[in-house]
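Single-structure report; data block below.
The values are calculated or read from the model by the stated rules, or taken from the named source; none is laboratory data. Treat the numbers as computed from the prediction; the structure is a model and nothing was measured. Reconstructed Cβ throughout: ideal geometry from the backbone, glycine too, with neighbour counts over all protein chains shown. These accessible areas exclude ligands, DNA and RNA; they are computed on the full protein's heavy atoms, side chains included. Shrake-Rupley method; radii C 1.70, N 1.55, O 1.52, S 1.80 Å.
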Amino acid sequence: VARPRAPVRFRRRAPAVIRAATTADADSPPYQVAARKDLYELRIYGGHYVCRAPYNNREKGLAALMSYIEGGNEESKTFPATQPLIMRYECAPGTEDVVGKTMELSLGAGVADPPASAEPEAVGVAAAGGELVAVVGFEGVATPELAGEYRRLLTAAIRSDGLGVAGPG
């Protein structure tokens, strides 16, 4: 006597593009991995809001961002501390001389109308995403020396792979 077969169940294959929507980082901005290299990933971040601070002193810049996400805004609203911390360097035209730096943190997934900063001269709020970003991960404290060394290594790796480093704007 032939028995009916059990229905075939298909497992969904993981997509080729990886999204950062895991439990550990559900509050971080969504991204797709465009390419994985030995030292870095190329990611395309989806739209999200960030708090952004200019800085010369890393600790003071980070303290300004943390103040905003811990309620230092016009609505005293708090936001989750997210990853990654994005550091942007502006160089003088035609040189690698750094003339300005900003750091930014995402305000989290799903934030649609972020409040203004209570200290607009120290922290601004901006829309971000929709850009290709080279990301290098490392463990430990991001001292200026360590961040500078990884920036140098990342820039060299990007150029070695035949890619260019974008300028400001």
Q) Which of the residues belonging to segment 90-110 are within 14 Å of the chain's Cα centre (by Cα) and closer than 23 Å to Ala156 by Cβ? A) Thr102, Met103
Q: Could you tell me which of the residues Ser117, Ser106 is among the hydroxyl-bearing types (Ser, Thr, Tyr) and touching a His at 6+ places or on another chain (Cβ under 9 Å)?
A: Ser106
**Q.** Top-ranked residue in segment 114-140 [being on the phi > 0 side of the Ramachandran plot and either exposed (fewer than 13 other Cβ atoms within 10 Å of the Cβ) or modelled with pLDDT of 90 or more (or both); ranked as farthest from the chain's Cα centre (by Cα)]
**A.** Gly140
Q. Mind checking which residues of segment 147-169 are more than 12 Å from Leu39 (Cα to Cα) and open to solvent by less than 50 Å² (accessible area, probe 1.4 Å)?
A. Ala147, Gly148
Q) Looking at segment 111-120, is at least one residue touching a residue at least 24 places away in the same chain (Cβ under 8 Å) and in contact with a Cys (Cβ under 9 Å, 6 or more places away or on another chain)? A) yes
Q) Scanning segment 92-110 for residues that are open to solvent by less than 30 Å² (accessible area, probe 1.4 Å) and not hydroxyl-bearing (Ser, Thr, Tyr), which turns out modelled with the lowest pLDDT? A) Gly108
Q. Can you name the residue in segment 34-46 that is closer than 15 Å to Gly129 by Cβ and over 11 Å from the mean Cα position of the chain (by Cα) and, of all such residues, is most open to solvent (accessible area, probe 1.4 Å)?
A. Ala34
Q: Starting from segment 72-99, keep only residues that are under 15 Å from His48 (Cβ atoms), then list their pairs with residues that are open to solvent by less than 90 Å² (accessible area, probe 1.4 Å) and part of a loop (DSSP other than H, G, I, E, B) whose Cβ atoms are within a distance under 7 Å, requiring at least 6 positions of separation or different chains.
A: Phe79/Leu107; Phe79/Gly108; Pro80/Asp27; Pro80/Gly108; Thr82/Asp27; Thr82/Ser28; Thr82/Gly108; Gln83/Ser28
Q.
If Thr143 satisfies all but one of (1) at pLDDT 85 or above; (2) exposed (fewer than 11 other Cβ atoms within 10 Å of the Cβ), what's the number of the condition it fails?
A. (1)
